[in-house]
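In what follows, a structure is listed as structure tokens, so that the remarks can point back to it.
The values are calculated or read from the model by the stated rules, or taken from the named source; none is laboratory data. It should be emphasised that the depicted structure is a prediction, and the values quoted were computed from it without experimental measurement. Here Cβ is always computed from backbone atoms with ideal geometry, including for glycine, and neighbour counts include all displayed protein chains. To get the accessible areas, we keep the full protein, side chains included, count just its heavy atoms, and leave off ligands, DNA and RNA. Shrake-Rupley method; radii C 1.70, N 1.55, O 1.52, S 1.80 Å.
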Amino acid sequence: MTGKLEGKVAFITGAARGQGRSHAVRLAEEGADIIAVDVLEQIVDTPYPPATEEDLAETARQVEALDRRIVTAKADVRDLASLTSAVDDGVAQLGRLDIIAANAGVLTGMTPTSSMDDDLWDDMVDINLSGVWRSVKAAVPHIRAGGRGGAIVFTSSIFGLRGTGSSGHYVAAKHGIVGLMRSLAIELGPEMIRVNTIHPTQVDTDMIQNDRMYRAFSPEKDAPTREDFAPKSQAMHLLPVPWVEPRDISNALLFLVSDDARYITGVSLPVDLGMLAK
Amino acid sequence: MAGQLEGKVAFITGAARGQGRSHALRLAQEGADIIAIDIAAQIDSVTYPMATPEDLDETVRQVEALDRRIVATQADVRDRDALQAAFDRGFAELGRVDIVLANAGIAPLTMEPTYQEWTDVVATNLTGVYHTVEVARKALIDGGRGGAIVLTSSTAGLNGIGGDTPGGLGYTAAKHGVVGLMRSYANVLAQHSIRVNTVHPTGVNTPMVVNDQMQQFLEADPQMGNAMANALPVPMIEAIDISNAILFLVSDAGRYVTGVTLPVDAGFTNKK
């Protein structure tokens, strides 16, 4: 049976591990070749370690094990030139571009928004909002040049559709890419290039499974664990489940970029265990 | 390769033709057996021809050609007792239910509007959806395996379009009402791992939209013409596009999606 993305090429940011790696593998399973980038260094103070060169190499190994091609590069979404160079090189090797999955993002300190350090704010907006715009700027010309339409998906968050205390920088950036998506959906619609956002709740990756997150959710405990976090995370949701798997976000991404969703654009799709409806 | 819905049973209203038939076939292709119901008769305030018993027979034939089972019954979603009996018959024969698609709907958009249009469209497109979930609810919960419900709303369930007639206002009100129903069911059924979502199609190439009466109605009101203008350069979408979105929502690919309004509208809602 042929895959849903046979012959297509996808550009994925933040592809070294977590959701990004899962996206690369899921799209490759359906026949896509992959251009994978990741920053691979500690660029801001996150409560989890940065992805490594070994992580990105492991993504490449898993895609190649599916008999698909992958071009990897170290690139920083804060640096348009690094993105442009990575995409240009990937398209030169793989021949075309059809899909953009702007997945790269960070989660930094939870502090009161009105008194937040300037750097904390600026870095967040630079990475999670402007970084998505730069990914589009670097890659969209290749999709348009193909003249075959295409699909773009931004990874927002439940906090791209609702607020929360003490993370205004993250919430603003994740809301911001919804505005970007809505504008691009109108701008690129005439060329059959579709643009949508996915809004995950907690996904079981390093970004949420870390000591600082556990402490934020269980301040009453000395050394809270994943087991302490689970019921508190589950309480946010309608369905009796604490978090989703990267694969669940990848399945939503696959739906949105495949022909199954050929007429879906300008849409925000929550994959959130019912958190927003609660 | 095994289908995504192997061993499951889907209850589908309005299954005689159009989107409902397409849903029955798409889900059957993925391995589901089908409990199909349709009024297969005319409602007086509706001026375009509604489905017939022959249409429902054709859905049966096409599902059986896929080697799936189907129990089809003529029933009106406005009549809860008849709907319950039709569901019970299918459930008894097929042994379980996992998926509910409340798809039946009418669009009494006419050039000579009557108050009856309001009554009929609200009874069918809102109360009928409520009845559909209610008649299957106990069996779904008692199955103990979770489940997925999709209510077919419309772009008129998210936007004030539909026109200024009793039928058009009623259509828009009912399709918005379905969203409230979905959100409430998502909350109350989540404890049983039953997910509930809505889909919001723009104009779909089916007999409900592609008929002389609808064309006259749209042409008479320029605002209505705009209401059909999509962001993507396509005038209408196909029933299969709604079926594919529903398949995503009811399959394991959408296992953690609930309480969501999913437009399948070629960008209409975002652009309008």
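Measuring from a point 7 Å past the Cα of A:Thr111 along Cα-to-C-beta, which residues in the stretch A:28-47 have an amide N at less than 20 Å? In the stretch A:28-47, the label zone of A:Thr111 (backbone N under 20 Å from the point 7 Å along Cα→Cβ) covers A:42-47. Accessible surface computed residue by residue for the protein assembly as shown, with neighbouring protein chains in place and a 1.4 Å probe, gives 38 Å² per residue. Label separation (B:Glu6 vs A:Asp118): 6.1 nm, computed from points 7 Å beyond Cα along the C-beta direction. Could you give the distance between the Cα centres of the stretch B:146-223 and the stretch B:48-111, to the whole Å? Distance between centres, Cα-based: 19 Å.
Multiply the residue gap between A:Asp79 and A:Arg144 by 0.36 nm, knock off their C-alpha separation, and tell me the result in nm, one decimal place.
Details: separation 65, 0.36 × 65 = 23.40 nm, distance 2.20 nm.
21.2 nm is the gain from fully extending A:Asp79 to A:Arg144.
In the complete set of protein chains, residue-level accessible area for A:Lys137 is approximately 110 Å², probe 1.4 angstrom.
So for A:Lys174, A:Lys278, B:Lys138, what's the accessible-area order with a 1.4 Å probe, most first? Before the final figure, lay out each step's value.
Details: A:Lys174 10, A:Lys278 115, B:Lys138 140 Å².
The ranking, largest first, comes out as B:Lys138, A:Lys278, A:Lys174.
What size of dipole, in debye to the nearest 20, comes out for the stretch A:183-278 about its Cα centre when the only charges are +1 on Lys and Arg C-beta atoms and -1 on Asp and Glu C-beta atoms? Don't jump to the answer; show the numbers that get you there.
Numbers: 9 positive and 14 negative charges, 39 e Å.
The calculated dipole for the stretch A:183-278 is roughly 180 debye.
For B:Ile240, the solvent-accessible surface computed with a 1.4 Å probe is close to 70 Å², ligands and nucleic acids excluded. Placing dummy labels 7 Å off each Cα toward the beta-carbon, the span from B:Glu238 to B:Tyr115 is 4.4 nm.
Summary value for chain B: 19 percent relative contact order, contacts being C-alpha pairs under 8 angstrom separated by 6+ residues. Taking 0.36 nm per residue of sequence separation and removing the Cα-Cα distance, the A:Lys221/A:Arg96 pair yields an extension gain of 39.8 nm.
Using a 1.4 Å probe over the heavy atoms of the protein chains, calculate the carbon and sulfur portion of the accessible area of the stretch B:9-264 as a whole percent. Intermediate values should be presented prior to the final figure.
On the way: 4550 of 9180 Å².
Carbon and sulfur atoms account for 50 percent of the accessible area of the stretch B:9-264.
Only the Cβ atoms of Lys and Arg (+1) and of Asp and Glu (-1) were treated as charged; on that basis the dipole of the stretch B:9-264 about its Cα centre amounts to roughly 1020 debye. Note on the stretch B:48-152: the C-alpha convex hull projects to 7.5 nm² when averaged across all orientations.
With only Lys, Arg, Asp and Glu charged, each at its Cβ (+1 for the first two, -1 for the last two), find how big the charge dipole of chain A is about the Cα centre; round to the nearest 20 debye.
Values: 27 positive and 38 negative charges, 200 e Å.
With Lys and Arg at +1 and Asp and Glu at -1, about 960 debye.
Solvent-accessible area of the stretch A:97-222 (1.4 angstrom probe, protein heavy atoms only): carbon and sulfur portion equals 51 percent. Computed from backbone phi with θ = phi - 60° and the Karplus coefficients 6.51, -1.76 and 1.60, the 3J(HN,Hα) list for the stretch A:250-258 is 5, 5, 5, 4, 4, 4, 5, 8, 8 Hz; x is used for glycine and proline.
Note on the stretch A:37-99 and the stretch A:215-255: Cα centroid distance 27 Å, given to the nearest whole angstrom. Considering only A:Ser167, A:Ser130, A:Ser115, the mean-square fluctuation computed in a Gaussian network model of chain A, springs between alpha carbons under 10 angstrom, is largest for A:Ser115.
Heavy-atom accessible surface of A:Phe159, to the nearest 10 Å², is about 40 Å², with a 1.4 Å probe and all protein chains retained. Spin-label pair B:Val179-B:Ala41: with each label point 7 Å from Cα along the Cα-Cβ axis, the two points sit 3.4 nm from one another. Compared with the alpha-carbon gap, the fully stretched path from B:Asp212 to B:Ala229 is longer by 4.2 nm at 0.36 nm per residue. When all protein chains stay in place and ligands, DNA and RNA are ignored, the 1.4 Å accessible-area order of B:Asp38, B:Asp221, largest first, is B:Asp221, B:Asp38. Between B and A, roughly 2800 Å² of accessible area is buried in total, ligands, DNA and RNA not counted and the probe set to 1.4 Å. Considering only B:Ala229, B:Pro207, B:Leu101, and ranking their Cα positions along the charge dipole of the stretch B:9-264 that arises from unit charges at the beta-carbon of Lys, Arg, Asp and Glu, the one farthest toward the positive end is B:Leu101.
Let's test the formula: R0 of 41 Å, r as the Cβ-Cβ distance of A:Thr2 and B:Thr52. What FRET efficiency results, to the nearest 0.05?
On the way: r = 38 Å, r/R0 = 0.92.
Here the calculated transfer efficiency is 0.60.
Ranking B:Gly18, B:Pro166, B:Val135 by how far each Cα lies toward the positive end of the dipole of chain B (charges on Cβ) leaves B:Val135 at the top.
Sparsely packed loop sites in the stretch B:1-55 (the GluC sites (Glu not before Pro) outside DSSP H, G, I, E and B with at most 14 other Cβ atoms within 10 Å) comprise B:Glu6. For the protein assembly as shown, the tally of Lys pairs with Cα-Cα distances below 25 Å comes to 19, considering only residues 8 or more apart or on different chains. Report the calculated FRET efficiency for B:Asp67 and A:Asp259 (r = Cβ-Cβ distance, R0 = 35 Å), to the nearest 0.05. It comes to 0.90.
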